[in-house]
Every structure is written in C-alpha cells, then in structure tokens.
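Read through the structure below, which is laid out as structure tokens, and then see the notes.
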C-alpha cells in the first residue's frame, strides 16, 4: 500500500491497475467516500511531523543544488511546508468531504414510452492523471477530489518534492487501508520523467490528464498528449472601464485585477478605457499604479493624458503578452464596440471584466465576449475554484469542452444513460406498432 | 452567399470568417434562430426539384465510375435522395426548430457574497466542423443543430455527393439571406480532401470536429486531429441474459439487438447467458437466429447445448470483434460477476443491456458497467438521438469527456460564468474584511 512496490511497475501496468481500481471506486457509497476522506484528513494532521521531516530533506537537497539547477525563490517557497501547511491540507480534505455527492445525480429523466424511461445520471470519469510542479499540497487536494468523485488517480510531482510527495501518499494510503472496500491502487505516485512521456501515450487507459504548473509546462503537455488535457493556456485578461463606469469602482477593480497577485493567470494584463472617461479616470489610476510599482505601457492617447506620470509606449505585442508581473498595458478605445472587439481578438478566453453602471452595456458585454468568465464590476482575480465555492480546484480550463473556467469535482465526472424497459424492441417502433412519447419527467 | 466564392478561400481563411460569424450567431435571439430554421425548412421543400436534379447528376456520375472506384451498393443507396427524402429533411429541420432553446440556460446560481452573484450559463461552442461520407441528409440536420445552438459550421462531404451537397448549402444560404442579422459565413462548404488535412490542424480556430462515417474513417480523423473530436470508436455491445431473466423478453431483446439493423454501432455483437438459464433459453434463441440467417459462434458450453443447430466455435478474437453483420458470439457465464467482468473487459463502453426480473441485479449491473448506455430489459438498438428524444443527432460519442452516448444540441454548447458584483476586490477577502458566503440560489 506504500508507494515503493509500485515504483517497480511500468506505467502501463500502473494504469491497468488504476483502471481496475476505478471500477471498484465507482460503486462506493457516499458515506464511505466521505468517511475515508475524513480519516485521511486526520492522518495528515496526526502524522504532520513525518511530512515536515520529509519536506526538510527536500528543502535541504534543494539548497545544495549548484547554481544552474537551483530553484527560483518563488519555487523554493512553494516547495516549503510548515505546520500551518499540513493543517491547511487536512482542512482542505475535510472541505472536499463536506461537498455534496457528485455521483448519481439525475441530470434528466425522459419517459420515451410507457414503461421505457431514460435517466441521465452522473458517474465517475475513471482514471485521471495529474502532473504537477513543486507544491506538495496538490497531492491531498487532488487525491481528495478524485476519491470524492470515485476516480482512481495517478500523480507525478516534481523531483524537488519527491520526499514530501512520497510521505504524503504513504500517509494517504495507510489511512485508506482501514477501508477494505477501497482498492490499494486508488492512488499511485509515479517517479520519473520518463513516466510522463508514457502517460501521455496511454489514451486507452487514462481518461483525463491535468497538468498544474507554468504555462510552458501546460503547453508542452497539451502538445504531446494523446489523452485529453484539462488545463489553461495563456491568461490574457482585460478590465474595460466603460463610458458609464463609476470611476472609484473602476480604479479599485483594475488595481485589484493587476496588483493583488500579478503572477496569477487571472490577473489583468490590459486595461481598456472608454475615451469619454479617460481624462477623469487616468490621474487617480496612474497614481495608484505608480505607488504600487506597476510599469505602465500605454497607447499614444494614454501617454498624452498621463499628466506627467511615467507611461512607456505600448506596441501591438503588448496586447498579446501575459506579463505575469507588475506591468500593465493601457488602451483608450473610441467605443464600447471597439472594447468588445479588442477583448475578443486579443483575450485568451479566460476572464474579462467590464466596469459600468449601465446594466444594458454590462449585459451586452457579458453576452458578446467569448470567455470562460465574463464579469461586471468585479476584479478578474475572482476566477478561482475556492472563490466560486467549488470547495477545491482541479485546475482552470481555457478550453471549451467538458469543463470551462475553474473546475472542481464536476471535471472528474461524466454521465451515463440508464434506460429501463420491459422487453422493448426497436423493431416494434419501426413497424409502427409503437410510437415514442418523449415526455420529459425532469 | 452561395458556396462558389468561398471555394477560392483557403481553409484557414474560411475558419477565420466562421469565427467572426460565430460571434454574431451567439447573440441572435431564440425567436430569430427558430424563424430562420423554419424558413430554411420551407426552402428545402419548395426547391426540392433542384436537390433531386443535383442528386441525379451525382448518382449518374457514380454509376459511371470504373470497377475499382465504384460505390458499394449500401453507399450508393445512402447517396440517393428522392422526394420523400427532401420532405424528411425539411421535417427534421422543423423538429430542431421546435426544440427548447439550448442557450442562456442557467445551470447554477451561487451568491458568493452580498451583491456578488455567480451565474453558470450555457452558450455556443463557436465553430464546429463536420466531416461526413455519402448521406447528403447530414447537411440540413447538422446545419439545423448548429444554427439552433448559435454556432458557425464548416461542412466537408464526400466527393460522390458534391452536387447534392452544393445544392443543399446554396438553398440553405439563400433562405438565411433574408435575415440580415445572420452572417453569410454561418455555414461553409469545403470541397477538397486537402481541406480536411488543414482543418485537423486548426485547433486555434475550430472548437470541435465531428466525423460521421465508418469506424476506420472516425479512427483516422481522431488519430490525425489536433482539434478535439467527438465520435465513436468501435461498437461492441452485449446483451446479458441473467439467471433471473424472463426468457421470452430475453429472446426478443437479444434478437432485436442483433438482427434489427446489424450494421449499426449499437447492434449487439456478443450474447452472455447465465448458466442457470442457458439450457432453457438457447433452443428458442438459436431457432430465431437460424431463421433470420444469423451465424452463431459459441463457447464450448453453448455448442454443447445447441441441440443440433449450427454453432461455430468462438475464439477469444470474437469477444473483441465488431461484426457489423448477421453474426453473433455467445458465451455462457458462471455468474453475474463473470458477466460484468466480461462486459467491462471487452465492451467498447457504448451500450450494454441486462435482461432480468431481479431489480437488484439490474441496478448492480447499471452501476458497475462502465458504458455510455446501461440498459435493463431493452434492446441495445435504442442508443440513438432520435429515440432518446434529442430531436436530432450530432453523433454518438464513446469518449467520456464533454458529451457521451447519443449527442444532440448539448454537444454544441458549453457554458460561461457570469459574475456580477459592485466593485468587489479579492484583496478585501485576503485582508479578512469580507468573507465568502457561497449560498447556492439554484
């Protein structure tokens, strides 16, 4: 039940075992899945010292890396786990346990005919693989989501967190071992970079791959995978300050969208301003940005209205750049129309916000902008599974199929059609002896 | 507005225009989309002679093909359109018009906080491409589904139906031209085989590709596409006659599943029989199969119980073969357990049926079998969009993501999150000035 015997398995074997495990996980009761998660949460808290000791070994090893291999300060910080971190992991697992059961939900019921009833019912996907960098807290989060939704899961973390990850999975497996109904292969930790290459080819055995890491990392996985990938590409988000905006709200929303956490994919990269309010809006906005150390790159009209504050010239390349940093581009637009067109042309279909007091303009923007999130008078930084109330986040999807935007438990479910009859044959409908009624019951 | 000027466009240009058209289609009212479909249906009926004349030219050309290029009789039959065929096309379009609006449906509403409300709302995918063989009736069907759901569509049919397809698209475009809100590039007919290769690479511009044709054809598209593909692989479906089956129903269901239309992907390939009822069930079943000219391949126990009727020996290869013909393999299983394991091992996750009067066994089968359709006392042949009441069928999916089983309008929609606030910033939640409420409103 620990990870060591599995290390000797090939990835194909591990996937085959996960598939068998998935069939058993799919039939576990809601009570049992919840009880198992609470047991795992308790174990994470109780055995916190083991996690911290393993993490210390990882951190010490990271510190001894030579110049070229060394982790960036940001990556090193994400690797570190402290007592508060393990408590947060346990709390996260308990939150997932408390979510309503995602399985067996009736999405629709139709009486096709007398005694012939079709039920569309949610069920688990089967086997998911998560490939992630640094942050060991991905493990309890994703393991919890997978078990809550009756899925088997394969995990491949970064080498820099190997000790921490191994300790976390061992604790998780030990906690689940007290439930004889839960198969040992519900969760599998993979260990080498080669394992990833093999994972990406196993489209027969894996239902979904979720990469969590930098944009380049996600792009690499997407380009090389035969298995469907749920993840996000670029995060080029806009805040549009409409002609009918409340300018105080506009400054707050734009500032939060850029500054609150500029490295996030849901941070804004470009601010669009309607020409009617640009002169009134820019002084306060530029002052706030300057005070926060934000580099501003503006169109010529923005530069002209800068009031002496520093505004570098923006080029077309700025409209398609995700800075992930304290840099923002600003463009003054001649009309609402121009703003919508700019967003649909340059945005990455992630999250787009309009600031306006004109309800009609807001509705129009939210209808016409093609993005996973369309916001009115709200910071783009709200695009997040926790903030949306999904309990935990599997990832954010900028694709349109299956799941879009922040994805929680639902991303790990699909549905099946259950059809219950009484010896019904198609031949009798073709012969005209029977006709369909198609009465929706739900 | 006809197809000829577009023939000169590159595929990439056609896709770019379709994307622009999609943004306009997404905002059309339900009334307008319905009215346009009814106008198109009328035009198909009114201009039926043009369709029939074009089809006669295609059929004449097909008849003049040399031996090696000649269409199979089945393909030729699918190519032919008669007066009844054009009436059926018009009726189909009217049925799609009558379906409830798939757009703007609120899938969920959550109050994240005071004055901060999240709406999960359905919207169109954007641009879909359909690649199909022979049957020209795919055009009005798919064009109707696309317009009903606010999507732009690219169509590539087989060369053998070129004249008919061109006439159908021209009539469709002419009918839509009276609605100035509908962009001319809502529908585009592509003309060459090279167009397909290019389509498959354009994952930036196309949201979904739907291949309709033989299994090899679908497999080819799946293997070569960077764009997500919705389609079905093999259709290896089972009927399991449980120990508690009503044997009269079992014979009817198994016979219909195999014989009613053996070329369909939802026809049964293997019949599993519980050993307790095999001796009582087989004589009547084998007699029915023999009378219908069905070749039976059985396990040794089936052969032993054949009562002199012809049963060829089944090999392991039979469990994984889609005959698409009047051939069935039969296996006698020792237990319910063995039946479920056989289905999960050899089935293609398409449609699986149990025949039993034991409600518990039925529920267990439907829970444990991993397939798009799990049936109780019903022929597998019901796995079809029309029979499910979806109005029309985009295709059948054996994948688990996005859409599963017979797929109608829903397959062409996704959702967006609309978040409406009043100047809310994430910083105020991080600072603890505000806390999330996450109150589900729907």
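FYI, it's all coordinate maths here, none of it is from the lab. Values in this document were obtained by computation on a predicted structure and should not be read as measured data. Ideal geometry is used to build each Cβ from the backbone, glycine not excepted, and the neighbour counts take in all protein chains shown.
Length available on full extension from residue A:436 to residue A:363: 0.36 nm per residue minus the Cα-Cα distance, which gives 22.3 nm. Among A:76, B:289, a tally of other beta-carbon atoms within 10 Å of each Cβ gives an order, fewest to most, of A:76, B:289. Angle of helix A:247-259 to the longest C-alpha principal axis of chain A, folded into 0 to 90 degrees and rounded to 10: 60°. Placing dummy labels 7 Å off each Cα toward the beta-carbon, the span from residue A:76 to residue A:98 is 3.6 nm.
Taking every residue in A:252-263 and counting other chain Cβ atoms within 10 Å of its Cβ, the average works out to 3. Spherically averaged projected area of the convex hull of Cα atoms, segment A:321-442: 13.2 nm². Quick one: angle between helix A:359-368 and the longest Cα principal axis of chain A, in degrees between 0 and 90, rounded to 10, please. Result, in degrees: 60. FRET efficiency for the pair residue B:179 and residue B:159, taken as 1/(1 + (r/R0)^6) with r the Cβ-Cβ distance and R0 = 30 Å, rounds to 0.45.
For the protein assembly as shown, compute Rh as the Kirkwood radius over C-alpha pairs and then the Stokes-Einstein diffusion coefficient at 37 °C and 0.692 mPa s; write the answer in µm²/s, rounded to an integer.
After rounding, the answer is 112 µm²/s.
Projected label points at residue A:248 and residue A:217, each 7 Å from Cα along the beta carbon direction, are separated by 4.2 nanometres. Short-range pairs are left out: with C-alpha atoms under 8 Å and at least six residues apart, the relative contact order of chain A is 19 percent.
Going from the alpha-carbon gyration tensor of segment A:237-382, what semi-axes, largest first and in whole Å, does one get by taking the root of 5 times each eigenvalue?
Working through the eigenvalues yields semi-axes of 20, 17, 14 Å.
Percent of Cα pairs in segment A:166-317 per distance bin of 10 Å, from zero to the largest separation: 9, 26, 20, 15, 15, 12, 2, 0. Sorted from greatest to least, the principal axis extents spanned by the alpha carbons of segment B:157-237 come out as 45, 30, 29 Å. Tell me the relative contact order for segment A:237-382 as a rounded percent, counting alpha carbon contacts under 8 Å between residues six or more apart. Here the relative contact order equals 34 percent.
Working from Cα pairs under 8 Å separated by at least six residues, relative contact order for segment A:321-442 is 15 percent.
Helix B:162-177 axis versus longest C-alpha principal axis of chain B: approximately 40°, rounded to the nearest ten. Across segment A:69-181, Cα-Cα pairs more than 16 Å apart make up 68 percent of the total. Peptide B:113-121 has a mean of 3 when you count, residue by residue, the C-beta atoms of other protein chains within 10 Å of its C-beta. Each other copy holds its own label point for residue A:432; taking that point as 7 Å from Cα along Cα to Cβ, the gaps run 7.7 nm, nearest first.
Max-minus-min Cα coordinates of segment B:4-163 on each principal axis give 73, 34, 28 Å, with the largest extent listed first. Of all chain B C-beta atoms, the nearest to the rotation axis linking B with A is recorded, alongside its rounded Å distance, as B:402, 2. In the distance distribution for segment B:193-256, Cα-Cα pairs more than 15 Å apart total 62 percent. Considering only beta bridges that DSSP places wholly inside the protein assembly as shown, some 30 percent are antiparallel. For the segment A:371-380, counting C-beta atoms of other chains within 10 Å of every residue's C-beta and taking the mean gives 6.
Sorted shortest first, the distances from the residue A:226 label point to those of the same residue in the other copies are 1.9 nm; each point sits 7 Å from Cα along Cα-to-Cβ.
Shape analysis of chain B yields a ratio of the Cα radius of gyration to the Kirkwood radius, Rg/Rh, of 1.04. Using 7 Å Cα-to-Cβ label points, what is the residue A:67/residue B:46 separation (nm, one decimal)? Each label point is offset 7 Å from its Cα along the Cβ direction, giving 8.0 nm.
Remark: label point of residue B:32 defined 7 Å out from Cα along the Cα-Cβ vector; separations to the same position in other copies 5.4 nm, ascending.
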